[in-house]
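Report on the structure given below.
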Amino acid sequence: MSGVRMDNVLIVVDDLKAAIAFFVELGLEVEGRMMAEGDWVDRTIGLKDTRAEIVMLRPPDRHGAIELTRYHRPAAIGPAPRDMPVNTLGYRRVMFAVDDLDDVLERLRPHGAELVDEVVQYENAYRLCFVRGPEGIVGLAQRLGGSPAT
């Protein structure tokens, strides 16, 4: 289908500074930062008197983006339980292709990343894992025998 591309994925966060640090360590770059408020925001998202800080991050290949949003008002509503399992209905994770899974895990651990279970190998194609990061689950996949771009 022409004219369609995935632009970004929104992650609502409580600690914007920690979330930015996590995704920058993963390799994304801060593209922009802004406050969003006013009638146009309220009418777009269906909330009233909205004030939110938005940070857009892009991967080095510039395809897609992560939008981190911290709501100043109205207050964000947290899920219960906080660490829902991956089979909970709705969007559960964002997957990133990485060159060196072990290196990325070591760099993300000081930023609060915890393995959901373990690193596994799928056939001779990938090493995969899920990690809990700021406000959700991030998947990491290392293609075996080549870079993630191949």
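Read-outs: derived from the displayed coordinates by stated rules, not from any lab. Note that this is a predicted model, so its numbers are computed, not measured. Glycine also receives a Cβ, built like all others from the backbone with ideal geometry; neighbour counts cover every protein chain displayed.
Data for the structure
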item: 5 angstrom amide H check on Val9, placed H, neighbours 5+ away; result: Ala65, Ile66, Glu67
item: With at most 12 neighbouring Cβ atoms within 10 Å, loop GluC sites (Glu not before Pro) (DSSP) excluded, longest segment of the chain; result: 1-117
item: Principal-axis tilt of helix 16-26 within the chain, Cα atoms, nearest 10 degrees; result: 30
item: Three semi-axes of the equivalent ellipsoid, segment 9-73, Cα gyration tensor, whole Å, largest first; result: 23, 13, 8
item: Approximate spin-label separation Ile54-Arg82, in nm, with each point projected 7 Å along Cα-to-Cβ; result: 2.7
item: Counting all C-alpha pairs of the chain, share separated by more than 23 Å (%); result: 43
item: Amide H contacts of Gly133 (H built 1.01 Å from N, under 5 Å, at least 5 apart or other chain); result: Val138
item: Interchain or long-range residues, amide H under 5 Å from Glu29's placed H; result: Arg58
item: Using θ = phi - 60° and Karplus 6.51 cos²θ - 1.76 cosθ + 1.60, couplings along segment 50-67 (whole Hz; Gly, Pro as x); result: 6, 9, 9, 9, 10, 10, 9, 10, 10, x, x, 7, 6, 8, x, 7, 10, 9
item: Whole-number percent relative contact order across segment 9-73, with pairs defined as alpha carbons under 8 Å at least 6 apart; result: 42
item: Segment 82-96 - phi-based ³J(HN,Hα) in whole Hz, Karplus 6.51/-1.76/1.60, Gly and Pro as x; result: 4, 9, 5, x, 5, 8, 6, 4, x, 5, 10, 6, 10, 9, 10
item: Beta bridges per DSSP with both ends in the chain, % antiparallel, nearest 5; result: 75
